[in-house]
Structure formats: C-alpha cells, structure tokens
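This report concerns only the one structure given below.
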Amino acid sequence: MAKGKILVTGGAGYIGSHTVVELLLSGYQVLVIDNLSNSTQLIVDRIKQISGKEFIFYKEDLLNFSNIDKIFSLHNDILGVIHFAAYKAVGESVEKPLEYYENNVGSLLNVLKLMKKHSISNIVFSSSCTVYGQPDVLPVNELAPIKPALSPYGNTKQIAEEILKDTVYSDSLFKCISLRYFNPIGAHSSALIGELPNGVPDNLVPFVTQTAYGLRDELKIFGSDYDTPDGTAVRDYIHVVDLAQAHIVAMGRMISGKNKNMFEVFNIGTGNGFSVLEIIETFIKVNNLDLNYKIVQRREGDVEKVWADTTLANKELGWKAKLNLDVMLESAWKWEKTYRESL
Ligand code: NAD
Ligand code: WQD
C-alpha cells in the first residue's frame, strides 16, 4: 500500500535522485520539483528505470512563487517536503553571493510559505557539517557551536537552520529535521545515477574520477602539512545511498509522530575520518587503476579535519551508515565510466 505523497525539491540532483529512488522503493508516492539548473531530464528518466516506478515531475523554479503555489494546489495530499534544492558550489558562492542568498534562502522561504498555506507539516532540510567550521572537539556532535561561516554558501545553511527553527517555534503546524551531511560520495550500484558536476569539479571524488578517466591531467592535493597522520586533510565520507536512506527515516519519524522536538538536528556521516591520501590510495586499490596526482598548497577556507559523532542519529533515528569506503569509491568510478561511455 502506498505510504503517502512526499514532495522532493531538487529531486533530480545528486542526493535528491538517490533519495527519490529510495522513497519509491519504500512505497511512497513522489512529486519532484526541480528547475534542472544542475541536472537533466536523463536523470529523471533513470530514477524511473532503477525503481521501476512512476513519479510526478515538474520542471519549475522554486523562486516562482505563483507557479509553485499552483503545484501545491493540484496536490492537496502532500505529507511532507524534503528540501534539497539549492546552489552548492562554495567557491562560486564567494563570486556570486547574491545569487546564492537569493536561490538558497528564497527557495526555502517560498517552500515554507506554501507549506503553511497548504497546511503541510513536515520538512526535512539538507544542512551541512560546514556549519561546524573547524570543530574544537572531534568527533563533532550536534551540540558543538556553530562557527562563523567561511563562505556565502555556508552562511545560507546557517541562515536556513535559523529560519526553520523560528518557523517551527512560531507555529505548531510545523516539524523539521535538519540533516547535517558530512561528505557524500559514490553513486547508485546500477551506475545509472550519480554526481554530475558542472564544469571543473570542486569536490575531491569527482575530481579523482575525472582524472582517472582522462578528463583532467592531474589531481592536486591541497596541502600536506596539516596536523593529521599523513599531513593531508581528513573528512567523513558517506555513501550517497546511506545518506538517501537517512531522509526516508527522518521523514517517517515526523509522519509517525516519533520526533521528540519540533526542530531536530542530526549528523549524517559514518563516524570515520579518512585523509585525502587515503582516498586516493583506496581508489587506486579497489579500481585497480593509476592516478596522476601532486601535492600543492592548502586551499583557502579548508578545515583541517572533521568527522561526525553519529550517536544521536544511530540512537534516535535508528539509522547507521552501512557502506564502506571501498564500496563508495568503486561505485563512484563505475558511475563515471558508465556515464562517460554513454555520451
Ligand atoms: P545538486 O546540485 O546535485 O542538486 C540540487 C538540485 O536542485 C539540482 O538538481 C538543481 O537543478 C535543483 N535546484 C537548484 N535551485 C533550484 C530552484 N530554485 N528551483 C528548483 N530546483 C532547483 O546538489 P546535491 O549535491 O544533490 O545537494 C543537495 C542539497 O544538499 C543542497 O541543498 C546542498 O547544499 C546540500 N548539501 C550537499 C552536500 C554535497 O557535498 N553534495 C553536502 C552538504 C549539503
Ligand atoms: C575534501 C578534501 C580538500 C579537491 C565541501 C564544502 C562543504 C560540503 C562538501 C556542502 C579537502 C581536498 C579537494 C581537490 C583536494 N558541501 N581536495 N583536491 O571541502 O570537505 O567540503 O563539500 O555543504 O560545505 O565546503 O569537500 O570534496 O571539496 O574536499 O585535495 O581537487 O579534499 O582540500 O581536504 P569539503 P571537498
């Protein structure tokens, strides 16, 4: 039996597409709104191919309030919203802060206004470990202080969490779970969907896979003089399918009324830190490939090391990441290769 209808904004994007697959497979009806500013119709079709299920897709911009209002009016049975839609390139946000504030904050405001107008209670929000900056204590838990944002992008996540908290506390209609993702990588095991960076990738793993495919000459390791075991920076990488499943659990928690507070925050990571060199070595090992890389200076604004304390998510959500680094890096390479060969 269908479990009810979930609106997924940005559902054609990297994390959104994997989440829509998991929602469909767990019996939800899905409605996606995405303007395809960072995805394509191909991904929409492939979600259907993987899941063997249909869903409703609107190519629409969340900043267009009246058009989005019409979609909400047509679907008066939405149980909750998973809000992924946003711009996410840290460097670009420094160049184009107004676009980032407008899109990331403006879209959220429209979604919340329309949820209120149409009496929809539940929202899962895509937040980020970037709100912790360089934490004083590792692993970092949800009570750690929010540090000043290092980019307009990071600031939009902090502002969004404040907006959500104020909205939830102003009106008993609302419940929110904000998921603070650590570093999502990897792709669906079918290799039909995965990360599709626009232009030169900012993030490590897409840069690694594109270099291995021959699209980039060499990978630059940003800094080897950090206070870490091998000198390169450490992150908590999480498989995108594990991350997707956390959204299904979070939405289910609010729908079934199991949430303890109206506004809840959970770290979504594995709890393990890996260095840049460990990522490269594992990628080479599991895929039996060579990779051209060299060490260069640190990248401005990078934190030295961060990994999650996931105790709260494990205990309260009953969610735990299952897929290890080998699987993450195998699936990332399989996706890159399959996608490039299909072009
Ligand atoms: P993505 O760019 O692949 O997906 C975002 C989707 O939203 C895209 O398909 C894009 O077309 C759509 N979109 C953007 N603005 C829109 C608008 N105004 N109207 C309609 N659709 C719009 O990004 P992702 O990696 O899947 O990230 C999803 C969310 O998770 C974002 O909010 C991002 O900030 C957050 N997040 C991502 C990471 C990461 O490393 N990927 C880490 C932490 C948090
Ligand atoms: C990982 C590590 C780099 C590229 C960013 C955002 C953050 C979040 C995830 C959304 C770092 C190193 C990278 C390269 C390298 N997004 N690196 N060579 O910096 O942890 O986080 O994406 O919220 O907000 O800031 O991820 O993948 O860019 O980098 O050496 O070509 O790999 O220095 O140590 P990061 P990343």
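The values are calculated or read from the model by the stated rules, or taken from the named source; none is laboratory data. Fair warning: this is a prediction, and the values are worked out from it, not measured in the lab. Every residue, glycine as well, gets a Cβ built from its backbone with ideal geometry; the counts of neighbours run over all protein chains shown. Side chains are part of the model used for accessible areas, which takes the heavy atoms of the whole protein and leaves out ligands, DNA and RNA. Shrake-Rupley method; radii C 1.70, N 1.55, O 1.52, S 1.80 Å.
Evaluate the charge dipole of the chain about its Cα centre and quote only its size in Debye, nearest 20, assuming +1 on the Cβ of each Lys and Arg and -1 on the Cβ of each Asp and Glu.
Working: 34 positive and 40 negative charges, 219 e Å.
The dipole magnitude comes to about 1040 debye.
Quick check: at a probe of 1.4 Å, how many percent of the accessible area of the stretch 218-257 sits on carbon and sulfur atoms? List each step's numbers first, then the result.
Numbers: 610 of 1180 Å².
Using a 1.4 Å probe with all protein chains present, the stretch 218-257 comes out at 52 percent carbon and sulfur.
Taking a threshold of 18 Å on the Cα-Cα distance, which of the pairs 70/113; 147/305; 285/322; 3/53; 88/220 fall above it? Can you show the working numbers first?
Values: 70/113 13 Å; 147/305 15 Å; 285/322 20 Å; 3/53 14 Å; 88/220 21 Å.
Where the Cα-Cα span goes over 18 Å, the pairs concerned are 285/322; 88/220.
Counting Lys and Arg as +1 and Asp and Glu as -1, what is the net charge of the other residues whose Cβ lies under 12 Å from the Cβ of residue 131? Before the final figure, lay out the partial values.
Values: positive: 147, 157, 180; negative: 142, 161, 162.
So the surrounding residues net to 0.
Show me, for the stretch 226-235, the HN-Hα J-couplings you get by feeding each phi into the Karplus relation (A = 6.51, B = -1.76, C = 1.60, θ = phi - 60°), rounded to Hz, glycine and proline as x.
Once rounded to whole Hz, the list reads 7, 7, 9, x, 10, x, 9, 5, 10, 9.
Please compute the contact order of the chain in relative form: average sequence separation of alpha-carbon pairs under 8 Å and at least six residues apart, divided by the residue count, as a percent.
Working: 661 pairs, mean separation 65.5, N = 343.
Normalised by residue count, the contact order of the chain is 19 percent.
Mind checking the stretch 44-128 for GluC sites (Glu not before Pro) that DSSP puts in a loop (not H, G, I, E or B) and that have at most 16 other Cβ atoms within 10 Å?
Details: sites: 54, 60, 92, 95, 99, 102; in loops: 54, 60.
Of the GluC sites (Glu not before Pro), the ones in loops of the stretch 44-128 whose Cβ has at most 16 other Cβ atoms within 10 Å are 54.
Relative contact order for the stretch 12-167: what percent, with Cα pairs under 8 Å and sequence separation of 6 or more? Kindly include the intermediate steps, with their values, before the conclusion.
Details: 169 pairs, mean separation 31.7, N = 156.
Computed value for the stretch 12-167: 20 percent relative contact order.
Specify which residue in the list 72, 167, 101 is farthest towards the positive end of the charge dipole of the chain, using unit charges on the beta carbon of Lys, Arg (+1) and Asp, Glu (-1), about the Cα centre.
Ranked along the dipole, the leading option is 72.
Whole Å is fine, so just give me how far the alpha carbon centre of the stretch 175-190 lies from that of the stretch 72-106.
The stretch 175-190 and the stretch 72-106 have Cα centres separated by 16 Å.
Translational diffusion coefficient, Stokes-Einstein: compute it for the chain using the Kirkwood radius over C-alpha pairs as Rh, at 4 °C and 1.567 mPa s, and state it as an integer in µm² s⁻¹. Spell out each step's value before the answer.
Working: Rh = 20.4 Å.
D = 64 µm²/s.
Share of antiparallel DSSP beta bridges in the chain, in percent to the nearest 5?
Values: 2 of 42 bridges.
Of those bridges, close to 5 percent are antiparallel.
Compute the accessible area per residue over the chain, keeping the other protein chains in place, probe 1.4 Å, unit Å². Don't skip to the answer; put the middle values down first.
On the way: 14940 Å² over 343 residues.
Result: 44 Å² per residue.
Helix 14-25 versus the longest principal axis of the chain: what angle, 0 to 90°, nearest 10, using Cα atoms?
Orientation of helix 14-25: about 50 degrees from the principal axis.
Aspartates and glutamates within cross-link reach of residue 175: Cα-Cα under 15 Å, excluding same-chain residues under 8 positions apart?
Within the straight-line limit of under 15 Å, residue 175 reaches these aspartates and glutamates: 161, 162, 166, 264.
Given R₀ = 22 Å, FRET efficiency for residue 49-residue 26 by Cβ-Cβ distance, to 0.05? Show your work: numbers first, answer last.
Details: r = 18 Å, r/R0 = 0.80.
My answer for the efficiency is 0.80.
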